[in-house]
Each structure stands twice: as structure tokens, then as C-alpha cells.
1. Could you look through region 69-86, keep only residues that are open to solvent by 10 Å² or more (accessible area, probe 1.4 Å) and away from ligand 1 (no atom under 12 Å from the Cβ), and pick out the one that is farthest from ARG166 (Cα to Cα)?
2. Is it true that ASP16 is touching a helix residue (DSSP H, G or I) at 6+ places or on another chain (Cβ under 8 Å), of a type in the set (Asp, Glu) and open to solvent by less than 10 Å² (accessible area, probe 1.4 Å)?
3. Determine, yes or no, whether ILE250 is under 30 Å from GLU99 (Cβ atoms) and either touching a Pro at 6+ places or on another chain (Cβ under 6 Å) or open to solvent by less than 40 Å² (accessible area, probe 1.4 Å) (or both).
4. State which residue is least open to solvent (accessible area, probe 1.4 Å) when the search covers only region 266-300 and only residues that are over 22 Å from ILE44 (Cα atoms) and modelled with pLDDT of 70 or more.
5. Return the total of residues in region 202-216 being open to solvent by less than 60 Å² (accessible area, probe 1.4 Å) and either hydrophobic (A, V, I, L, M, F, W, C) or away from ligand 1 (no atom under 16 Å from the Cβ) (or both).
6. Look through region 217-235, keep the residues that are in a helix (DSSP H, G or I), touching a residue at least 12 places away in the same chain (Cβ under 8 Å) and over 11 Å from GLY147 (Cα atoms), and return whichever of them is most open to solvent (accessible area, probe 1.4 Å).
7. Within region 19-64, can you find the residues that are among the β-branched types (Val, Ile, Thr), more than 17 Å from LEU78 (Cβ to Cβ) and surrounded by 15 or more Cβ atoms within 10 Å (Cβ to Cβ)?
8. Return yes or no: is SER155 polar (S, T, N, Q) and within 30 Å of GLU24 (Cβ to Cβ)?
Amino acid sequence: MSFSIERYKEESRKVDVTGIRWDEVTAHPLSKGDLFCLHYMMDIENHVPLYLSHLLVTRACMDPILTAFLACWNYEELWHGENIGRLLNLYGIEFDTQERIANVRANLGFQNSVSILSTMAGSWMLKDFSAVYLSIGAINELSTLTGYSALIRKSGHPVLKDLLSRIIKDERRHYAFYFNSAKEWLSGNSKAQKLDRWMLDRVWVPVGQGVKTQEEVDALAVYLFDDEQGEEELLELDGKIGKLPGLAGIKLMSKALYAARERVKRNPRWAWRLIENEEWAVKPPKKSPVGELTTRRSQGVEAEPVEAGTP
Ligand SMILES: [Fe+2]
Ligand SMILES: [Fe+2]
């Protein structure tokens with residue numbers, strides 16, 4: 001699995017959706033579970049700029065190769081979220097994408113600022129912070145593409161399959177970058193390996209957790225992976241991450257699935273009730289109305305015309 005940053009910079013572009021049969025989206029049904037996963041995935045794709053805001057305050061960004069990658073990566077992820085939203089809208093689920101994104105962000109509140117500050121402080125205190133961040137990047141990209149493959153399989157929806165297969169190609173490139181960069185950082189660096197292992201075993205959470213609740217994360221896990229093939233895919237995923245120096249035998253995604261299963265065992269309604277009750281809408285934030293946070297969402301404010309030459 002090779003990766004060339006020069007080639008990536010040249011070739012990075014928004015996912016090509018030419019020829020996708022958007023007009024056939026409603027011709028095939030999507031289950032409640034499919035729709036639940038699609039909303040989750042769209043929200044997390046759309047959350048990338050905020051995730052990026054955490055990274056840009058860390059010492060990892062001293063590396064110009066990394067920042068070049070992030071510049072292209074962020075743009076590609078934007079179009080993943082846009083196109084999943086488009087498919088949902090065409091399926092007949094009405095929402096305004098910008099409003100939904102703003103609501104997700106506003107709901108994070110104070111916790112988001114604390115998280116940025118602690119990531120920043122942690123990165124400047126830990127010389128090998130980049131190793132952890134790059135490993136997490138590899139896990140996130142690999143779990144994303146594994147999740148998309150599982151959703152293709154579960155839904156059997158041909159238009160969704162076409163769209164997600166194209167997105168998966170981007171995710172594979174992202175995974176290749178993170179995996180190779182993590183490997184480079186960890187090779188021959190036992191201090192970095194120890195830190196990486198320690199952090200992944202204790203601090204790592206599945207992609208989307210934090211933006212989504214534990215129960216929402218579990219709902220996605222049990223819907224997509226709680227069968228023989230799903231479990232096998234997650235064990236395979238862990239096996240691939242375990243090839244990074246110092247991470248042999250690590251259990252991450254499979255551990256998350258087993259923990260989700262335990263919670264469902266204790267309460268059989270857990271996770272499934274979110275899917276059954278179609279709880280994929282994002283509630284508007286209780287505090288910090290979106291209008292105040294973005295200004296552009298304010299009702300009844302006419303944009304002032306700007307004349308050329310006005311300072
Ligand atoms: Fe993506
Ligand atoms: Fe990605």
C-alpha cells in the first residue's frame with residue numbers, strides 16, 4: 001500500500017458522481033437501520049472541519065506534508081457529506097443541510113472548546129503526539145470504509161452502492177496516507193510505540209463518538225456488524241492496525257462491538273430503540289441558537305449590496 005503526497009495533491013478532487021442514477025433513489029427501499037446509519041455517517045463526514053480545527057492547533061501541523069494532505073482531505077470529505085445528504089433528500093427526508101450541520105456543532109457547546117485546548121496542550125507536551133494522531137487517523141479511515149462496505153451489503157440499494165463505492169476509493173487513499181505516516185513515525189521509535197499503545201488502549205473511541213452519544217455509536221455498530229461477517233470484518237480491521245509497529249494484537253473495533261453487545265444484553269431495547277423510533281433528526285440546541293452563532297441564519301436580515309471600490 002503506497003502513497004505519494006505529490007500525486008495526491010495533483011489528483012485530489014471532489015468525488016465524481018457523474019452517471020449516478022439519482023432518479024432511481026426512491027425506486028428501492030432503505031430500512032430504518034440504513035437510514036439511521038446514513039444520517040450518522042453524513043453528520044460525521046460534515047464534522048471533519050471541526051475535527052480539523054483540533055488538529056491545526058497541535059504540533060502535528062509543523063509537518064508541511066501533513067498540512068498539504070489535510071488541505072485536500074478536508075475538501076474531499078466535504079463532498080462525501082454533501083452527497084450522502086443529497087441521497088437522503090432525494091429519498092424524501094427533508095432537512096436543510098446547513099441548518100443540520102450548524103445544529104450538530106451548536107449542540108457540542110463548551111465541551112468542544114475544552115477538547116481543543118486539551119488536544120493542543122497534550123500535543124505540545126508529548127513529543128510523539130503525531131504517532132497517536134496518525135494511528136487514530138488510520139483507524140478512523142479504515143473503520144469508515146469498512147462501515148460503508150457493510151452498509152452496501154446490508155441495504156442492497158443499488159444507487160447507494162454506487163455512491164458509497166466511489167466514496168470508499170477516497171477513504172482508501174486517506175487510510176493509506178495515515179497508515180504509512182504512522183508506520184514511519186513508529187518504526188524504530190519505542191517511546192512513540194509505547195505512548196501510542198497506551199493511548200489507543202485507554203483513550204481511543206470509535207469514529208463519531210463525542211459528536212454522537214454512546215447509544216448512537218452502539219446502534220451503528222450492532223446494525224452494521226452484529227453478525228458473523230460483520231464481526232469478522234472488525235477483527236480483520238484490528239488485524240490491519242495491529243501491523244503498525246508496537247500495536248500487535250491490539251483490539252479496538254472488535255472490542256467496541258463486544259461492549260455494545262454487552263449493553264444490548266443488559267437492556268435489549270438499547271440502541272435498537274433509536275433505530276426503531278427513527279431518531280435521526282438533530283434537535284436544535286437548547287442554548288446558543290444557531291442564528292446567533294452563525295449570524296447568516298438570522299431571519300429577515302437583508303444582505304447589504306457591496307459596491308465595487310467600497311473600502
Ligand atoms: Fe469521508
Ligand atoms: Fe476519509
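The values are calculated or read from the model by the stated rules, or taken from the named source; none is laboratory data. From a predicted model like this one, the values you see are computed outputs, not experimental measurements. Don't worry about glycine lacking a Cβ; one is built from the backbone with ideal geometry, like all the others, and counts go over all protein chains shown. Accessible surface areas use protein heavy atoms only, side chains included; no ligands, DNA or RNA. Shrake-Rupley method; radii C 1.70, N 1.55, O 1.52, S 1.80 Å.
1. Across region 69-86, the extreme among qualifying residues is ALA71.
2. So ASP16 does not fit the description; no.
3. no
4. ASN267
5. 7
6. GLN229
7. Within region 19-64, ILE20, VAL25, VAL57, THR58 meet the criteria.
8. Here the answer is yes, as SER155 does meet what is asked.
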